[in-house]
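Let me begin by presenting the structure, written as structure tokens, before commenting on it.
The values are calculated or read from the model by the stated rules, or taken from the named source; none is laboratory data. Since the structure is predicted, the reported quantities are computational estimates derived from the model, not experimental observations. Here the Cβ is made from the backbone with ideal geometry for all residues, glycine too, and neighbour counts use every protein chain on show.
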Amino acid sequence: MRKIIEYTLISLDGVFDGPAIRSFFEYFDEAYMRDGTGQVLACDAMLMGRTTYESFAKIWPARTDPWAQSLNAMKKYVFSSTLERAEWQNTTIIRGDVIAEVNKLKQLEGGDLLIYGHGLLGQSLLKERLIDVFDLSVHPLLVGHGRQFFRENQEAKMKLIATKSFSKGIVKLTLEPQY
């Protein structure tokens with residue numbers, strides 16, 4: 001069975017979304033970029049909700065670095081009842097029961113499935129115990145505001161599988177939920 005890997009960039013204070021995350025990119029070094037590219041190459045497809053799709057479809061197709069080239073080429077599944085069309089290459093819109101559709105994708109032959117960020121899709125999949133691995137790239141800064149990765153009434157025990165550090169202070173934690 002394919003695994004679902006959620007890859008999320010967060011600050012030390014647990015923020016993963018909001019205006020302040022633009023400063024995360026200052027911490028990327030060559031090794032971090034290689035690591036991210038390697039993760040994309042190890043996965044067969046990306047899962048995302050409409051909001052992530054609309055944001056990413058504006059950014060990634062214009063980039064030409066190896067990470068972007070790999071991401072642009074991979075299959076992408078967008079879970080949305082409102083998105084009219086998906087113009088980013090290799091993108092399929094999936095409507096209907098998200099959990100049932102994700103379970104079908106997990107059963108298919110192939111490599112792992114990747115989610116960027118911990119939005120509504122990630123939250124729903126965690127609640128249903130469908131996320132197999134979390135890769136959290138913890139950035140060495142406090143941003144003070146924005147959407148928090150850790151939410152009230154969201155519980156999960158985790159097992160630390162690996163750590164990796166990068167020259168500009170990012171620490172990548174690989175964790176498996178213990179359902």
Among strands (runs of 3 or more DSSP E) entirely within segment 78-179, at least 2 residues that are of a type in the set (Lys, Arg) occur in 158-165
Go through segment 92-115 and report how many residues are crowded, with 19+ Cβ neighbours inside 10 Å and under 22 Å from THR37 (Cβ atoms). 3
On the basis of being basic (Lys, Arg), in contact (Cβ under 8 Å) with a residue 12 or more places away in the chain, under 27 Å from ILE99 (Cβ atoms) and touching a strand residue (DSSP E or B) at 6+ places or on another chain (Cβ under 6 Å), does LYS172 make the cut? no
Taking segment 2-28 as the region of interest, how many residues are of a type in the set (D, E, K, R) and either crowded, with 17+ Cβ neighbours inside 10 Å or modelled with pLDDT of 95 or more (or both)? 4
Quick one: ARG129 ticks every box in (1) of a type in the set (Lys, Arg); (2) on the phi > 0 side of the Ramachandran plot; (3) touching a residue at least 60 places away in the same chain (Cβ under 8 Å) bar one, so which box is it? (3)
Criterion: at pLDDT 95 or above and over 13 Å from the mean Cα position of the chain (by Cα) - qualifying residue of ALA31, ALA45: ALA31
Going by the conditions given, is LEU120 buried (at least 16 other Cβ atoms within 10 Å of the Cβ), under 23 Å from ALA156 (Cα atoms) and hydrophobic (A, V, I, L, M, F, W, C)? no
One residue is enough: does segment 25-33 have a residue meeting the conditions in contact with a helix residue (DSSP H, G or I) (Cβ under 9 Å, 6 or more places away or on another chain), within 27 Å of ALA86 (Cα to Cα), of a type outside the set (Ser, Thr, Tyr) and in a helix (DSSP H, G or I)? yes
Among the residues of segment 81-90, is any small (Gly, Ala, Ser) and surrounded by 17 or more Cβ atoms within 10 Å (Cβ to Cβ)? yes
Is at least one residue of segment 88-107 modelled with pLDDT of 95 or more and closer than 16 Å to TYR7 by Cβ? no
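Just to check your reading of the model, which residue among THR37, THR51 is part of a helix (DSSP H, G or I), touching a Pro at 6+ places or on another chain (Cβ under 7 Å) and at pLDDT below 95?
On the way: THR51 fails: touching a Pro at 6+ places or on another chain (Cβ under 7 Å).
Selected residue: THR37, the only one of THR37, THR51 that is part of a helix (DSSP H, G or I), touching a Pro at 6+ places or on another chain (Cβ under 7 Å) and at pLDDT below 95.
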Pair list, Cβ < 6 Å and 6+ apart or interchain, from segment 7-31 residues that are in contact (Cβ under 8 Å) with a residue 12 or more places away in the chain to residues that are hydroxyl-bearing (Ser, Thr, Tyr): TYR7/TYR116; LEU9/SER137; PHE16/THR8; ASP29/SER167
Checking LEU71 against (1) buried (at least 18 other Cβ atoms within 10 Å of the Cβ); (2) among the hydrophobic types (A, V, I, L, M, F, W, C); (3) touching a residue at least 40 places away in the same chain (Cβ under 8 Å); (4) out of contact with any Gly (no Cβ under 8 Å at 6 or more places or on another chain): exactly one of these is not met. Which one? (3)
